[in-house]
Structure formats: structure tokens, C-alpha cells
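The values are calculated or read from the model by the stated rules, or taken from the named source; none is laboratory data. Remember, it's a predicted structure, so these values are computed and weren't measured experimentally. So basically every Cβ, Gly included, is an ideal-geometry build from the backbone, and we count neighbours across all protein chains shown. We work out accessible area using only protein heavy atoms, side chains counted, and drop any ligands, DNA or RNA first. Shrake-Rupley method; radii C 1.70, N 1.55, O 1.52, S 1.80 Å.
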Amino acid sequence: MTTTTFTIRHDGVTIPVSRGGRGRPLVLCPGLCSTQADLHELTELLRRDHDVVTFDLRGHGLATRADRYSFDAFLGDLDAVMAELDLPSPPLLVGYSLGADLVVHHAAERPNPVAGLVLVDGANPVPEPFLTEADLPVFRAMWEDQVARQGSEVSLTAQDILDLNLELDVLRPAILDRYRKIDRPISMIASTSMAGGGDGPAQRYNRLWRAGVERLARELPHVSTSWLDADHGLVFTHAPQIARIIRRLVRC
């Protein structure tokens, strides 16, 4: 299968895009601190059945740095990619983590037709914010460590990432309003232990995550849900299972 690459200039940022595979169109949107290179295994599996387009968000992977890293700025990156694509039919949108939130907002607010959405551990209508005032120092230290380990793969600072997570804490409890505007099939693939195992704060985060998915299923029963026994890194650790779920959903 031949893969083509090209770039899109948008909002002062250069966004690298790759496309390859065969079958129905699919656009795969990475999440915060993940790149199309990170999602290589899932991408290659999906390309067996789909014409897959994927890309790097601003400040990630091969994309250039930006002056702002707000939710709207990242949504603009997805919008720009979708506007440039010449696809034979509406694509399935697959988003991971932040990418799931982006595809929900795009499908609800933009005129581009889509075939459906698959949301991998994101776009979760959690009943209350994740981050309390007491959590901020812990999360800042966690993101500082994450940025140091990823090096040049991510241009965002720990504060940029923390600010975006605080923004998501405001957006996610109200995201059901966006879901209600989408008239295409929607499927959620969720991790059973989003924050990992153990005691302490992880238990609260996992409880909130499950409560959000259960709220989605309760209020919007047409949204299908699949659970994987994994943490938030499921897109890296469980790529074959995710690909099989997507393949099964598309065939239904």
C-alpha cells in the first residue's frame, strides 16, 4: 500500500498529513502529546480496510510550533485538514483522547459530512472537573516529566498542557450538547482504568471516567460503548483490539 504525504499551511502552522490504505475513507486524529508516528501500529492495521488520513496537531511530531495551544486552535487544525481532503465519500472520524473531543466538536459544528465517529478514550461527559486546586502541582510535575521524556516530539510546555486540561474540564461536562447535534453513528471505546491502578487520586479519576461513559450511555442510548481492560494508553497497548472493534462497527 502506497502512502502519500503532504503539508497544509494554516494559522501560521505547517501541518504534516499522511494518507494510505484502501477502502472507505477514515480520518484519524491524534490526542494531546501523541503523534501520527506514535499511532503507527493502529494506523497500519486500519489501512487494511480503510483509506486512512492522519496528521500531527500543532506543536506535535513534525508539525511546527504555534503561538497558541487552546482547544479552538487544535480544532482549527482538524478543520483545516478536513477542508483540504478530496475524498470519494464522507469519512469515518476516529479520535484519540483530545482527538475524540475535536472530532465531536467538528462533526457538531462544521458542515463537512462524515460517515460516523469512533471516540477512543476521550470526549467523555464527566460529571465534574478532574482537576481540583490541590491536583495542580501534581499534574504540573507530571506534565513536566512527560515533556522532558518526549523531547522534540512535543513543543508544548507543561503549563500549555495543564492549561488545555483545565479547558477540557470546562468543555467535557457540557459536551453532550454537541453529541445531540450529530446524526451519524457514534461509538465510544473506553478504558476501564483510565488513570491506572492503585489507591489514591487514581481511584477518583477512574470513577469519574466510568461515570462519564455511563452518563453518555444513559442519556444517549444510540451511542454504542466498548470497554477495554486498559489505562489511557490503550491506543498504544491495545491497537489490534481497537482496530477489530472499528472493523466490526463499520460492518454493522
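Scanning the stretch 106-127 for residues that are surrounded by fewer than 22 Cβ atoms within 10 Å (Cβ to Cβ) and either within 11 Å of the chain's Cα centre (by Cα) or more than 14 Å from LEU216 (Cα to Cα) (or both) turns up ALA108, GLU109, ARG110, PRO111, ASN112, PRO113, VAL114, ALA115, GLY116.
Looking across the stretch 93-119, the residues that are in contact with a strand residue (DSSP E or B) (Cβ under 9 Å, 6 or more places away or on another chain), in a loop (DSSP other than H, G, I, E, B) and more than 12 Å from LEU168 (Cβ to Cβ) come down to VAL114, ALA115.
Applying the set (1) under 22 Å from LEU93 (Cα atoms); (2) open to solvent by 20 Å² or more (accessible area, probe 1.4 Å); (3) in contact with a strand residue (DSSP E or B) (Cβ under 6 Å, 6 or more places away or on another chain) to THR192 leaves exactly one unmet item: (1). Criterion first (at pLDDT below 95 and of a type in the set (D, E, K, R)) does GLU167 satisfy it? In short, no. Do we find that LEU78 is part of a helix (DSSP H, G or I) and either hydroxyl-bearing (Ser, Thr, Tyr) or crowded, with 22+ Cβ neighbours inside 10 Å (or both) in this structure? So LEU78 fits the description; yes. The residue that is farthest from LEU166 (Cα to Cα), counting only those in the stretch 48-62 that are open to solvent by less than 10 Å² (accessible area, probe 1.4 Å) and outside any strand (DSSP E or B), is ASP56.
When ASP160 is tested against (1) under 19 Å from the mean Cα position of the chain (by Cα); (2) more than 22 Å from ILE15 (Cα to Cα); (3) crowded, with 17+ Cβ neighbours inside 10 Å, just one condition goes unmet, and that condition is (2). Restricting the stretch 9-47 to residues that are open to solvent by 10 Å² or more (accessible area, probe 1.4 Å) and of a type in the set (A, V, I, L, M), the residue that is nearest to TRP143 (Cα to Cα) is LEU32. For the stretch 221-252, the candidate set comprises residues that are crowded, with 17+ Cβ neighbours inside 10 Å and among the β-branched types (Val, Ile, Thr); within that set, the residue that is nearest to LEU98 (Cα to Cα) is VAL235.
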